[in-house]
Structures are given as C-alpha cells and as structure tokens.
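Taken together, the values in this text are just the output of simple stated rules run on the coordinates, not laboratory data. Just so it is clear, the model here is predicted, and its values are computed rather than measured. Please note: Cβ atoms are built from the backbone with ideal geometry, for glycine as well, and neighbour counts cover all protein chains shown.
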Amino acid sequence: MEYEDILITDQQNSLENGYGEEVTPTTCLNVLKTTYVRNNQSAKHMWRQMWSEFYQVHSYTYEELTSYVNIQDKSEEKKYTDRYVKTKNDFIFDNEVYYKRLCVLAEVSLLEAENRAKEAGRFAFLNVIGCGLGVWMISTHQTDVYILTFLERIRSFLKKDMLDHVSDVNFAFIHPSKGILALFTNSSEAETPTEKRIFFESKRHPKGGISVQLENRQPSSKLRGEHAGKLLVMTYPWDGNAHPGNEFWLGSLKTSGDPAAACSTQVSELHNAHINPAVSGHNTRVTGRYGLKTLNEYAAALTT
C-alpha cells in the first residue's frame, strides 16, 4: 500500500496517476463537481495530495524529480544516509517518507508497551520484529532505516518522560548493515565483540534509561535472568484487510512470519472479532501525542 508513497517510478509517478502539482478549483461547488466524478483526473490528484499532506512532502512526478535532484548511486551500507536512493529498475526510494511511515509503527509500539506496563505495575520488555522486511522488502537498506527510526523515537520519547515503564527494547531477526550493527557492539580491541546493546541514559527514568539490544530470541519465549518479571510486549506482522495470521486460516503454518505468529500465540483468536467479543469499539484505543486514549476520549479531544 505504501509503495505508492515511498517509491517513485517512471510508470507510477505520472500526471495521469495524480502525481505532481495541479491547480485545484477554488470553490466547494467546483471541488464537488470535479472530485466526485468517476475516474476524474482531479479525484486522482486529490487522493495523492491527501497522502502528500499526511507525510508533509511534495508530490513529484518521476520526470520532475529526476530533473530536479541528482541521485547518486550508493553502496548498500550508505543508502540510509540520503533522502533519495536508487533501487533496481531505476526506481527511486524516498527514505523520508519511509521514515515517517515507520514512525507510526514505532510510536504506537512504544506507547502501547508503556501503557500496558503501567497498568500491570511492571516494566515492559518490547520485542520488535521486522515489518515489511521479508518478501515485501524493496531494498536491503530498509533494515537500517527501520532500526534507526526506532532508536530515534525511543530517544525522543525518553527525553519527554513518555517511557517510564519501558526498560528494554529488543530487535529480533532483523539484520542491519555492519555500520548500524557497530552501534550496538560494546567491546575493546582486545575483546571479541559479542554484546549487541545500546543504553540510552536518562536520570529521570526509574531504571536510569532504556536498554536496546539485538537478540534473535523467540518472540513468545519466557523472559528469564535479568528480564524475569518484566511484561513481554511483542509486535507481529499481518496484512491489512485480513484476519490476524493470514495464511494460518488457509492451513499454511510457516510460509511467512504472519502464520508463524498465529501458530505460536493466540492472536489469531484473541484479535478476531468473530471469536473474541472483547474486540470492539468499546475497547478500542487510539495512540497519539498524549499516549493511549479510548475512542471516546480521543474524539472528545478533537472537538475541544
């Protein structure tokens, strides 16, 4: 779905598909006349414009962008450093939009962990796995941007005292480049680098800060040792417009992380409104700048 926002291609990003600038009608009547006509060009443009406004970026055609920006070829380990990078077939990958899309995922995960740990009176151990880093991945540098985005949001929230009940964040089965991996490696020249951990310090945090590590732990495995007693909060993948587990319901158990998550947990039933009556609007929570709110609280905040 985000392909249309993150990738700029010759075939996709054209005026005919709604990309680029267009002079929109000035009156509401003209907007209605032009927008709600089936297959109207203005409707396509306004659809693309809506997402451009969401990500706060300019809507480019491929021709416009390539004539405006000189995009250099970079090694895989440096592709996270520029906004625009070339991928296969001369496609252009927009790292800024990708980062902003990942911010939604990172912020929701962190605030959800904080809220659940606070309610439980414990510290949260957030286990993060890749989302879109498997068969849907376009470029290998996405893993670097993925981890860097989470790190940036963790530091930002930590400074604002928004993660007082999160003690650990772990990246499982995500394989960054050597440059990003080096951020997690703590060792002297005489030692073998084995520990893969960063500690973000905060004097106001109850634990003195948040530990971020790379460990390929099984998502549902019990927390032991230094993590015993913490609340395990996990992320897991599944496609939109589908029940959690996806292929699980078709009898496939290991084709991807989606059915694997369904097999090893109860998410396929717990997160299914046909089975679990607790999946309802009454229990819906909306994540925003002020943390988790009920649907009623969030709606009320919009009108005040």
Item checked: Considering only the chain, percent of DSSP beta bridges that pair antiparallel, nearest 5 -> 50 percent
Note to self: Can you work out the Karplus-derived ³J(HN,Hα) for every residue in the range 143-148? Use 6.51 cos²θ - 1.76 cosθ + 1.60 with θ = phi - 60°, whole Hz, and x for glycine or proline.
What the structure shows: 5, 5, 5, 4, 5, 4
Note to self: Whole-Hz ³J(HN,Hα) for each residue in the range 72-82, computed from phi via Karplus 6.51 cos²θ - 1.76 cosθ + 1.60 with θ = phi - 60°, x for glycine and proline: what do you get?
What the structure shows: 8, 6, 10, 5, 4, 7, 10, 5, 7, 8, 10
Checklist line | Calculated FRET efficiency for the pair residue 122/residue 222, C-beta based, R₀ 22 Å, to 0.05 | finding: 0.95
Check: What is the local net charge at residue 180, summed over the other residues whose Cβ is closer than 12 Å to its Cβ (Lys, Arg +1; Asp, Glu -1)?
Finding: +1
Next item on the list: List every residue whose amide H lies under 5 Å from the amide H of residue 171, counting only residues 5 or more places away in sequence or on a different chain, with H placed 1.01 Å from N in the peptide plane.
Entry: 128, 213, 214, 215
Item checked: Qualifying trypsin sites (Lys or Arg not before Pro) for the range 78-151 [loop in DSSP, other Cβ within 10 Å: at most 15] -> 83, 122
Next item on the list: Compute the length gained on full extension between residue 88 and residue 136: take 0.36 nm times their separation in residues and subtract their Cα-Cα distance, giving the result in nm to one decimal.
Entry: 15.9 nm
Notebook entry, point to check: Relative contact order of the range 117-276: what whole-number percent is it, with Cα pairs under 8 angstrom and at least 6 residues apart?
Noted result: 23 percent
Next item on the list: Multiply the residue separation of residue 156 and residue 264 by 0.36 nm, subtract the distance between their alpha-carbon atoms, and state the gained length in nm to one decimal.
Entry: 35.6 nm
Next item on the list: Enumerate the amide H contacts of residue 233 below 5 Å, restricted to partners 5 or more residues apart or on another chain; note that Pro and chain-start residues carry no placed amide H.
Entry: 125, 126, 127
Next item on the list: Enter the per residue convex hull volume of the range 196-286, computed from alpha-carbon coordinates, in Å³ rounded to the nearest integer.
Entry: 162 Å³
Check: From the backbone phi of the range 267-275, what are the Karplus-calculated ³J(HN,Hα) couplings (6.51 cos²θ - 1.76 cosθ + 1.60, θ = phi - 60°) in whole Hz, Gly and Pro given as x?
Finding: 4, 4, 9, 5, 9, 10, 5, 6, 10
Next item on the list: Note down, for the chain, the three equivalent ellipsoid semi-axes (square root of 5 times each alpha carbon gyration tensor eigenvalue), biggest first, whole angstrom.
Entry: 35, 27, 20
Check: In the range 47-181, if every C-alpha pair distance is counted and binned at 5 Å from zero, what percent goes to each bin?
Finding: 2, 9, 17, 18, 18, 14, 10, 6, 3, 1, 0, 0
Next item on the list: Grab the Cα-Cα distance for residue 2 and residue 175, subtract it from 0.36 nm times how many residues apart they are, and report the gain in nm with one decimal.
Entry: 60.1 nm
Notebook entry, point to check: Measuring from label point to label point, each 7 Å out along Cα→Cβ, what is the residue 207 to residue 77 span in nm?
Noted result: 3.1 nm
Item checked: Rough spin-label spacing in nm, given labels placed 7 Å along Cα→Cβ, for residue 285 and residue 108 -> 1.3 nm
Notebook entry, point to check: Each label point is 7 Å from the Cα along the Cα-to-Cβ direction; what then is the distance between the points at residue 255 and residue 296, in nm?
Noted result: 4.2 nm
